[in-house]
Amino acid sequence: MKNTPFTEKHIALGAKMAPFAGYNMPISYTGINDEHQAVRTNAGVFDVSHMGEFMLKGENALDLIQRVTSNDASKLTAGKAQYSCLPNDDGGIVDDLLVYCIEPNNVYMLVVNASNIEKDWNRISQFNTKNVEMHNISDKTCLLAIQGPNATSMLQPLTEIDLVNLKYYTFAKGEFAGVPNVLISATGYTGAGGIEIYFEDADGAANKIWDALFSLGKGLKPIGLGARDTLRLEMGFCLYGNDIDDRTSPMEAGLGWITKFTKDFPSRAIFEAQKANGVAQKLVGFEMVDKGIPRHDYEIKDAAGNVIGRVTSGTQSPSLQKAIGLGYVKTSHAALDGEIFIAVRDKLLKAKVVKVPFLG
């Protein structure tokens with residue numbers, strides 16, 4: 001099992017640790033609800049150094065990205081980022097990812113899910129027929145996400161980059177806490193605002209940045225992956241392996257907005273047909289009416305007990321104090337306010353299809 005440069009910090013802070021995507025990761029420190037509320041009301045620090053980062057360089061870098069991803073990366077200018085996905089050849093998703101444009105038409109960084117690093121690298125390499133320089137920098141890249149409404153103002157003393165006015169899905173590079181060449185972005189996964197910082201763990205940079213963050217003395221808390229999951233679910237953000245995978249299409253998952261038919265890419269014809277003719281199933285948000293917590297892979301049924309889908313993510317929402325979930329249902333049952341039932345053990349518990357994000 002791999003460690004991140006912060007593993008010893010987590011253990012010293014008493015974090016509950018568990019394996020995740022081959023890494024020893026913190027699941028919680030003081031409890032998921034407590035950490036969740038800290039991010040929603042103030043700010044918290046997530047160690048997400050397990051994520052994967054690839055650098056693509058050269059005159060054909062953009063061409064390669066365009067041929068493997070669903071979104072249109074040609075729209076990106078320097079300092080802009082984009083959410084996209086790698087479609088497979090059968091109408092499914094290899095992974096969802098972020099594309100960072102460092103130098104237009106020449107230098108890009110792709111950020112991929114930890115469990116898919118090798119799979120994504122191999123997939124992109126298959127399409128690299130024009131000698132694009134590819135570097136997998138995952139193992140030497142640290143990534144901390146500092147999320148929450150007070151995060152940017154709290155961290156502003158640590159850098160001359162204007163964090164407070166950093167627009168969503170943009171980034172800048174510069175010095176942070178005395179560490180040079182730090183990439184600071186605003187592409188958060190919590191819906192609470194904040195930034196992410198990417199840097200190489202050279203010359204003690206990881207310790208330096210971690211210690212600088214927690215010496216600010218403004219109630220900043222370390223946050224585990226448990227609260228990361230409840231926070232993203234309240235926003236209706238998809239988690240690869242749960243809500244999207246190699247058998248679900250972006251059109252079914254409500255990700256038609258990252259699927260641009262202005263270029264050619266794998267499964268384009270399948271997705272175009274789905275857009276024109278509709279899809280058989282849709283990913284919907286729902287909240288429980290009856291008491292009970294929906295869990296991944298629970299069956300979703302209609303009033304007569306017929307299976308109409310499955311739960312992909314579910315939890316008790318700390319912000320809303322009610323149980324919520326995402327799941328695929330037959331399109332005929334996907335209308336807002338529609339009644340569905342979650343099969344929990346031997347019972348059918350009533351739920352209602354609602355708009356996402358769950359937080360207004």
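The values are calculated or read from the model by the stated rules, or taken from the named source; none is laboratory data. Not measured: the values here are computed from a predicted model. Cβ sites come from the backbone with ideal geometry, for glycine too, and all protein chains shown count toward neighbours. Ligands, DNA and RNA are stripped out before the accessible areas are found, and what is left, the full protein with its side chains, is counted by its heavy atoms. Shrake-Rupley method; radii C 1.70, N 1.55, O 1.52, S 1.80 Å.
Using the Cβ-Cβ distance between D297 and F261 with R0 = 41 Å, the FRET efficiency computed as 1/(1 + (r/R0)^6) comes to roughly 0.80. A simple charge model with +1 on the Cβ of Lys and Arg, -1 on the Cβ of Asp and Glu and nothing else charged puts the dipole of the stretch 243-354 at about 100 debye relative to its Cα centre.
Applying a threshold of 28 Å to the alpha-carbon distances of K221/K350; K57/K218; K9/K80; K75/K173; K16/K322 flags K221/K350; K57/K218; K9/K80 as lying beyond it. Free of any trypsin sites (Lys or Arg not before Pro) that DSSP assigns to a loop and that have at most 15 other C-beta atoms within 10 Å, the longest stretch within the chain is 1-129.
What is the Cα centroid distance between the stretch 327-350 and the stretch 128-205, reported in whole angstrom? About 40 Å separates the Cα centre of the stretch 327-350 from the one of the stretch 128-205. Taking each residue as 0.36 nm, the span from D90 to D346 lengthens on full extension beyond its C-alpha to C-alpha distance by 88.6 nm. Using every pair of distinct Cα positions in the stretch 1-108, the Kirkwood expression returns a hydrodynamic radius of 16.6 angstrom. Global size of the chain: 20.6, 64 Å for Rg and Dmax (C-alpha atoms, Rg to one decimal, Dmax whole).
Solvent-free Debye calculation, one equal scatterer per alpha-carbon of the stretch 201-360: log10 I(q)/I(0) at 0.08, 0.12, 0.13, 0.17 Å⁻¹ equals -0.32, -0.62, -0.69, -0.96.
Across F54, F214, F171, mean-square fluctuation computed from a Gaussian network of the chain (C-alpha pairs under 10 Å connected) peaks at F214. Surface composition of the stretch 116-215: carbon plus sulfur atoms hold 47% of the accessible area, using a 1.4 angstrom probe and ignoring ligands, DNA and RNA. Length available on full extension from D162 to Q316: 0.36 nm per residue minus the Cα-Cα distance, which gives 51.8 nm.
For C142, nonlocal amide neighbours, meaning residues 5 or more places apart or on other chains whose placed amide H falls under 5 Å from its own, are F199, E200, D201.
If Lys and Arg each add +1 and Asp and Glu each add -1, what is the summed charge of the other residues whose beta carbon sits under 13 Å from the beta carbon of Y240? Once positives and negatives cancel, what remains is -4. Each residue of the stretch 70-84 was assigned a 3J(HN,Hα) from its phi angle through the Karplus expression (A = 6.51, B = -1.76, C = 1.60, θ = phi - 60°), giving 8, 7, 9, 6, 5, 6, 6, 10, 4, x, 10, 10, 8, 8, 8 Hz with x at Gly and Pro.
How big is the gap, in Å, between the Cα center of the stretch 1-54 and the Cα center of the stretch 60-106? Each part's Cα centre sits 28 Å from the other's.
Electrostatic bookkeeping for D337 treats Lys and Arg as +1 and Asp and Glu as -1; over the other residues with beta carbon under 14 Å from its beta carbon, the sum is +1. Taken about its Cα centre, the chain carries a charge dipole of about 840 debye when Lys and Arg each add +1 at the Cβ and Asp and Glu each add -1 at the Cβ.
Add +1 for every Lys or Arg and -1 for every Asp or Glu among the other residues with Cβ under 14 Å from the Cβ of I161, and state the total. After counting each charged neighbour, the total is -2.
Working note: Karplus 6.51/-1.76/1.60 with θ = phi - 60° gives the stretch 322-327 the couplings 8, 7, 10, x, 10, x Hz, where Gly and Pro are set to x.
Comparing A73, A12, A192 in a Gaussian network model of the chain, where Cα atoms under 10 Å apart are tied by springs, the biggest mean-square fluctuation is seen for A12.
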